[in-house]
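The values are calculated or read from the model by the stated rules, or taken from the named source; none is laboratory data. Computed from a predicted structure; not experimentally measured. Backbone-built Cβ (ideal geometry, glycine too); neighbour counts: all protein chains shown.
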Amino acid sequence: MITDFRTIDIVDKAFKEVAAKKEKFKPTTVFKLLPLETDVGTLLAVDPNDLNSEELRNNREDYLKELARDNTQLLLNEVWELPSERVDDVIVAKLPKPKYLLPRELPVPKPKPLTKYQQYALKKGLPLKKTKKHKMNVTWDEILKKWVPNYGYKHAQAEKERETVIEVPDNVDPMTDMFAKKEAEKRERVSKNEFQRLRNIARAANIKVPHVGVPAVESRLKPDQLELAAVASKSATASAGVFQPSISADKTLKSWAKPPGVPKQKLKPVSGRAEKEINLNILEDVMRHRGSGGVSEKAVNRQIAQEQRQVHAEKMKSRKKGRGGRTGGGKGGKKGPKGGKDFGGKGVKAGKVGKGGKKGKGKR
Amino acid sequence: MPFIQRVKRPVTAKGRRILLKKQPRFVEFPKQTMYVRGKKANALTMDCMKEIYQLKKPGGLLFTKKHDILPFENVGLLENYSQRRGASLFIFASSNKKHPHSLIFGRTHDHQLLDMVELEIEAFKSIKEFKTEHVAVGLKPCILFAGEDFQTSYDHKRIQNLLVDMFQREVVTDIRLQGLEHVIMFTAADDKIFLRNYRVQLKKSGSRIPRVELEEIGPAVDFRIGRKKLATEDLFKSACKQPTSIDPKPKKNIRTDAFGSKLGRVHMTKQDVNSLQTRKMKGLKKSYAERKEQRSKKKSASK
């Protein structure tokens, strides 16, 4: 019996404890008809359930707050499930990558186009970049007995100091200025490098660049270079070679060697039917300009002008006559021009002039 | 020496760095927001915009001068600002007779307008009106959406995407659990969007997971959806395109042991060459006798 009482006591106590706990702590679980769509990576939760429109209208703030609480609880439940670690007395959770897709600010970067050398190196299996070794910026100059920078500040100065004399080789004209020659060669190298750099940029941007031309430094030109030089010289006129007579080498020139800036001539279709149509069009064009009846417009105009002149001359004659005798006739003549302007019939004109005269008579 | 027309390159290292920063990159910086004051923005819209600016602090570019822009007529100037300032999100405050008290939320992709939506303020309750403690500056908020419109309507879905873009701050890999303090909720109902802000209070629940209680902190805004200009599906898709090289494929057969030395598996077990299927030919076909023998072998083996 005693033991029975004891067990009842324990059970009672346990029930009470659970009830107290329930009172003290509210649950962390939330019931939803449809589960939330969450993306823990962006800390985002979308509630697909329908809203209670009546509550939303009458008791909006409390309803929204309650809704927010439930959804936050569900989202944070998921966050608390994530693997976490303690860093400096703070618990940090590892967030997964966001799943929710957002547009980027700028498009994905495109790979840098290869330069012409890089393409060549790739084809030949050469290293794309020279392996970088640690290089000193200065070298010991035995002649000057000092450290000279490899490039840049004080490099040129040291070069000048060292090379006070340059030997003129046997195969070169003894009167050449070797210093000027050296400088010119360097300038040429720099320009060539710059041109190649620009050409690489142009190729990357898909812009067509005219051919380089013939390098000025090389002593002897190769056959294709000669060919190119011929074309270049032909096009080097004010009219870009349009009025230049053809050179015999033209026939053998390659298509790429065409002078830059001169558009390619488009070939017409050669089928018989198309050709006939083109020719007919030309014929029609010619005929249209000639006017009807095989008489040109110019000739007709000339005829009309001549007639007008005749009429005018006649008019002047009659006027002179009128002045001598009847003055009214002159007046009538002045009124006449209406008739005079009309080129319709030649015969009527004279009559009209006469009419005018009659009218004048009537007024009198 | 003839003058060489060079392709313009930045002269100083600083200039080079600035240009480099503006170039597209695989992993992008968090998006910046411009807050632009329209020509006729009134106190209400300005207050609302400034409080959103305060919510999203630190960061953001507040343009307090008046700007004579009508974004729905000509967005070019905003795109220009976006390019110059390197900010792809914008909020534009304006108020006129036709569209009163409106905030225009928008974003650009590649300095071209992507999405833009006009939200007219119907009710606004400032942060100052809530006599509670505000959340700390710079915390990553939890973003909640509710309402069936966000599920059914195509436009609402895009607006949701824009709002997430606007308020999510930046992508992080670690988060302090006690720092989950700020909740932003958007609720859509009858062409309206309710913006509510809450502060999270974590209470003991008797288990490891805490019980969440919320306290409203403001600003609380009721928006009515006005005009919108959303990107076409194709443009949006191309704007969302992610680089493939961000997470390279895991390398097979390579591992490092406890001492940090790299181990690779070069050989598998010996392959059974006899059972290998080679090219099928009539000449190599087994004869009837061979097949019979094989069958009998199998039978005896199974017995």
- When residue B:227 is run through (1) farther than 30 Å from residue A:70 by Cα; (2) outside any strand (DSSP E or B), the failure sits at (2)
- Task: Kindly provide the set of residues from the stretch A:111-166 that are touching a residue at least 60 places away in the same chain (Cβ under 8 Å) and part of a helix (DSSP H, G or I), ordered by number.
- Result: A:116
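Residues are listed down the side, and each one gets a yes or a no for (1) at positive phi; (2) within 14 Å of another protein chain (Cβ to nearest Cβ); (3) free of Cβ contacts under 8 Å to residues at least 60 places away in the same chain; (4) in a loop (DSSP other than H, G, I, E, B):
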{"site": "B:231", "(1), (2), (3), (4)": "no, yes, no, yes"}
{"site": "B:237", "(1), (2), (3), (4)": "no, yes, yes, no"}
{"site": "B:244", "(1), (2), (3), (4)": "no, yes, yes, yes"}
{"site": "B:249", "(1), (2), (3), (4)": "no, no, yes, yes"}
{"site": "B:255", "(1), (2), (3), (4)": "no, no, yes, no"}
{"site": "B:258", "(1), (2), (3), (4)": "no, no, yes, yes"}
{"site": "B:267", "(1), (2), (3), (4)": "no, no, yes, yes"}
{"site": "B:270", "(1), (2), (3), (4)": "no, no, yes, yes"}
- Task: Report yes if residue A:47 is touching a residue at least 40 places away in the same chain (Cβ under 8 Å), among the acidic types (Asp, Glu) and either more than 30 Å from residue B:153 (Cβ to Cβ) or within 10 Å of chain B (Cβ to nearest Cβ) (or both), otherwise no.
- Result: no
- Message: Can you tell me how many residues within the stretch B:135-162 are in a helix (DSSP H, G or I) and more than 10 Å from every other protein chain (Cβ to nearest Cβ)?
- Response: 5
- Query: Looking only at residues in the stretch B:174-186 that are at the interface with another protein chain (Cβ under 7 Å from one of its Cβ atoms), crowded, with 18+ Cβ neighbours inside 10 Å and at pLDDT below 95, which one is farthest from residue B:131 (Cα to Cα)?
  - Reply: B:175
- Collect the residues in the stretch A:25-37 that are touching a residue at least 40 places away in the same chain (Cβ under 8 Å) and either on the phi > 0 side of the Ramachandran plot or more than 10 Å from chain B (Cβ to nearest Cβ) (or both), keeping them in residue-number order. A:32
- Only one of these conditions is not met by residue B:171: (1) more than 10 Å from chain A (Cβ to nearest Cβ); (2) in contact (Cβ under 8 Å) with a residue 60 or more places away in the chain; (3) outside any strand (DSSP E or B). Which number is it? (1)
- Among the numbered conditions (1) surrounded by 12 or more Cβ atoms within 10 Å (Cβ to Cβ); (2) part of a loop (DSSP other than H, G, I, E, B), tell me where residue B:58 comes up short. (1)
- Query: Taking the stretch A:124-145, which residues are surrounded by fewer than 11 Cβ atoms within 10 Å (Cβ to Cβ) and more than 47 Å from the chain's Cα centre (by Cα)?
  - Reply: A:140, A:142, A:145
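Here is a yes/no grid of residues against (1) over 25 Å from residue A:86 (Cβ atoms); (2) among the hydrophobic types (A, V, I, L, M, F, W, C):
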{"position": "B:146", "(1), (2)": "yes, yes"}
{"position": "B:153", "(1), (2)": "yes, no"}
{"position": "B:167", "(1), (2)": "yes, yes"}
{"position": "B:172", "(1), (2)": "no, yes"}
{"position": "B:181", "(1), (2)": "no, no"}
{"position": "B:184", "(1), (2)": "yes, yes"}
{"position": "B:223", "(1), (2)": "yes, yes"}
- Subset of the stretch B:187-200 that is buried (at least 21 other Cβ atoms within 10 Å of the Cβ) and at the interface with chain A (Cβ under 7 Å from one of its Cβ atoms) - its residue that is farthest from residue B:217 (Cα to Cα): B:187
- Only one of B:208, B:279 is assigned to a loop (DSSP other than H, G, I, E, B), surrounded by fewer than 11 Cβ atoms within 10 Å (Cβ to Cβ) and within 8 Å of chain A (Cβ to nearest Cβ), namely B:208
- Query: How many residues, within the stretch B:10-28, are within 13 Å of chain A (Cβ to nearest Cβ), exposed (fewer than 12 other Cβ atoms within 10 Å of the Cβ) and without any contact (Cβ under 8 Å) to a residue 12 or more places away in the chain?
  - Reply: 2
- Item | Failed condition for residue B:88, given (1) within 12 Å of another protein chain (Cβ to nearest Cβ); (2) of a type in the set (Gly, Ala, Ser); (3) out of contact with any Ser or Thr (no Cβ under 8 Å at 6 or more places or on another chain) | (3)
- Message: Of everything in the stretch B:282-293, what is part of a helix (DSSP H, G or I) and surrounded by 10 or more Cβ atoms within 10 Å (Cβ to Cβ)? Give them in sequence order.
- Response: B:290, B:291, B:292, B:293
